[in-house]
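See below for the structure under consideration.
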Amino acid sequence: MVNGRTKIIACATVIEEMLPLMPSDLAYEVLDFGLHLVPGSLKIRLQEAIDAACPEYDTLILGYGLCSMAVVGLQSRNCTIVIPRVDDCIACFLGSSEAYTAQNKKEPGTYYLTKGWIEVSDTLLDEYNRAVEKYGEARAERIMRVMLQNYKRLVYIDTGTENQEHYREYARSVAARFNLRFEEVVGSNDLIYRSLYGPWDDDFVVTPPGKTIQYTDFKTTATTTANFNLYSPTPPTRKDANG
């Protein structure tokens, strides 16, 4: 497999973490993060992107997880589709589903932020400001109290990309504004790195041409024979957020 026959299709938050690791000649497409708000619309847009890419590419790597079932039902006649076997992108930023589970056990009521989420204006403060614009300040305050009644903690995931201090302080201010305990955890690019360079083991759903992605694919660990390293060039040195 060579770079010219592989394409990335990812949301704006995930591509932020992929770009520093990607070969310069690897094709990619970024889909609007707002599609997550309506999983049905995200599914339609993903299928459109897959259909458009397949005549030119052999392998499509999706920078998504299960994402509220948005990837279930996707299929390709001609391409192999590769997706991290995770519920959502938080696990990608933490490095594994196990790391995500550990954080949830520590504090189930946790709201997560990364540089990418802040960049696409998907934070509690952005939600609040949109609610103020639509409903007025008093009602917006009530909406946020209901939204956050089960949340106690805001975790900023340091993914190691540039200008972390700026985004860290922004996350800290959001936590303070909504009376959430602020914590920072060091993320890992392990899952994103292996999405790009393999091996595609049980941490990935690898769907061959002609097959449809099923919900059960994300809940089983049957390694497929399609797992292989993508590129002949030597991958870049792996570097997590702690350097």
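Across the stretch 186-216, what is the number of residues that are of a type in the set (Val, Ile, Thr) and crowded, with 17+ Cβ neighbours inside 10 Å?
5
Might you let me know whether the stretch 89-99 holds any residue that is surrounded by fewer than 21 Cβ atoms within 10 Å (Cβ to Cβ) and touching a Leu at 6+ places or on another chain (Cβ under 7 Å)?
At the first step, the residues of the stretch 89-99 found to be surrounded by fewer than 21 Cβ atoms within 10 Å (Cβ to Cβ) are 96-99.
Going one step further and asking which of them are touching a Leu at 6+ places or on another chain (Cβ under 7 Å), we end up with 96.
Taking every residue of the stretch 89-99 in turn, at least one turns out to be surrounded by fewer than 21 Cβ atoms within 10 Å (Cβ to Cβ) and touching a Leu at 6+ places or on another chain (Cβ under 7 Å).
On the basis of being closer than 15 Å to Val82 by Cβ, modelled with pLDDT of 50 or more, surrounded by 12 or more Cβ atoms within 10 Å (Cβ to Cβ) and not small (Gly, Ala, Ser), does Tyr231 make the cut?
no
Please go through the stretch 14-30 and pick out each residue that is assigned to a helix (DSSP H, G or I) and touching a residue at least 40 places away in the same chain (Cβ under 8 Å). Please lay out each step first, then the result.
Step one: of the stretch 14-30, the residues assigned to a helix (DSSP H, G or I) are 14-21.
Those that are assigned to a helix (DSSP H, G or I) and touching a residue at least 40 places away in the same chain (Cβ under 8 Å): Val14, Ile15, Glu16, Glu17, Met18, Pro20, Leu21.
Please go through the stretch 54-75 and pick out each residue that is over 21 Å from Gly198 (Cα atoms) and in contact with an Asp or Glu (Cβ under 9 Å, 6 or more places away or on another chain).
Cys67, Ser68, Val72
Where residues in the stretch 75-86 are surrounded by fewer than 17 Cβ atoms within 10 Å (Cβ to Cβ) and out of contact with any Lys or Arg (no Cβ under 8 Å at 6 or more places or on another chain), which of them is modelled with the highest pLDDT? I'd like the intermediate steps shown before the answer.
Initially, the stretch 75-86 is screened for residues surrounded by fewer than 17 Cβ atoms within 10 Å (Cβ to Cβ), giving 75, 77-78.
So of that shortlist, the ones also out of contact with any Lys or Arg (no Cβ under 8 Å at 6 or more places or on another chain) come out as 77-78.
Details: Arg77: 86, Asn78: 91.
The extreme case among them is Asn78.
Please verify whether the stretch 37-54 includes one or more residues that are of a type in the set (Gly, Ala, Ser), in a strand (DSSP E or B) and modelled with pLDDT of 90 or more.
Checked the stretch 37-54: no residue is of a type in the set (Gly, Ala, Ser), in a strand (DSSP E or B) and modelled with pLDDT of 90 or more.
Is it the case that Ala171 is free of Cβ contacts under 8 Å to residues at least 24 places away in the same chain, crowded, with 17+ Cβ neighbours inside 10 Å and closer than 23 Å to Ala131 by Cβ? Spell out the reasoning first.
Working: free of Cβ contacts under 8 Å to residues at least 24 places away in the same chain: no; crowded, with 17+ Cβ neighbours inside 10 Å: yes; closer than 23 Å to Ala131 by Cβ: yes.
Criteria not met by Ala171.
Taking the stretch 55-69, which residues are polar (S, T, N, Q) and at pLDDT 95 or above?
Filtering the stretch 55-69 for residues polar (S, T, N, Q) gives 59, 68.
Answer for the stretch 55-69, where residues must be polar (S, T, N, Q) and at pLDDT 95 or above: just Thr59.
Do we have Val72 as within 20 Å of Asp203 (Cβ to Cβ), modelled with pLDDT of 90 or more and assigned by TED's automatic domain parsing to the domain that holds Arg194 here?
Details: within 20 Å of Asp203 (Cβ to Cβ): yes; modelled with pLDDT of 90 or more: yes; assigned by TED's automatic domain parsing to the domain that holds Arg194: yes.
Yes: the conditions hold for Val72.
Within the stretch 105-148, can you find the residues that are assigned to a helix (DSSP H, G or I), surrounded by fewer than 17 Cβ atoms within 10 Å (Cβ to Cβ) and within 17 Å of the chain's Cα centre (by Cα)?
Correct list: Glu119 only.
Criterion first (in contact with a helix residue (DSSP H, G or I) (Cβ under 7 Å, 6 or more places away or on another chain), closer than 26 Å to Tyr112 by Cβ, β-branched (Val, Ile, Thr) and without any contact (Cβ under 8 Å) to a residue 24 or more places away in the chain) does Val72 satisfy it?
Values: in contact with a helix residue (DSSP H, G or I) (Cβ under 7 Å, 6 or more places away or on another chain): yes; closer than 26 Å to Tyr112 by Cβ: yes; β-branched (Val, Ile, Thr): yes; without any contact (Cβ under 8 Å) to a residue 24 or more places away in the chain: no.
No.
Residue-wise test of (1) touching a residue at least 40 places away in the same chain (Cβ under 8 Å); (2) in contact with a strand residue (DSSP E or B) (Cβ under 6 Å, 6 or more places away or on another chain).
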| site | (1), (2) |
| --- | --- |
| Ala138 | no, no |
| Asn150 | yes, no |
| Leu180 | yes, yes |
| Glu184 | no, yes |
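Quick one: which residue in Tyr193, Tyr156, Tyr167, Tyr151 is of a type in the set (Ser, Thr, Tyr) and in a strand (DSSP E or B)?
Details: Tyr193 fails: in a strand (DSSP E or B); Tyr167 fails: in a strand (DSSP E or B); Tyr151 fails: in a strand (DSSP E or B).
After ruling out the rest, the residue left standing is Tyr156.
Would a scan of the stretch 31-46 turn up a residue that is free of Cβ contacts under 8 Å to residues at least 24 places away in the same chain and of a type in the set (Val, Ile, Thr)?
yes
The values are calculated or read from the model by the stated rules, or taken from the named source; none is laboratory data. Since this is a predicted model, take the numbers as computed values, not measurements. Cβ coordinates were reconstructed from backbone atoms using ideal geometry, including for glycine residues, and neighbour counts include every protein chain displayed.
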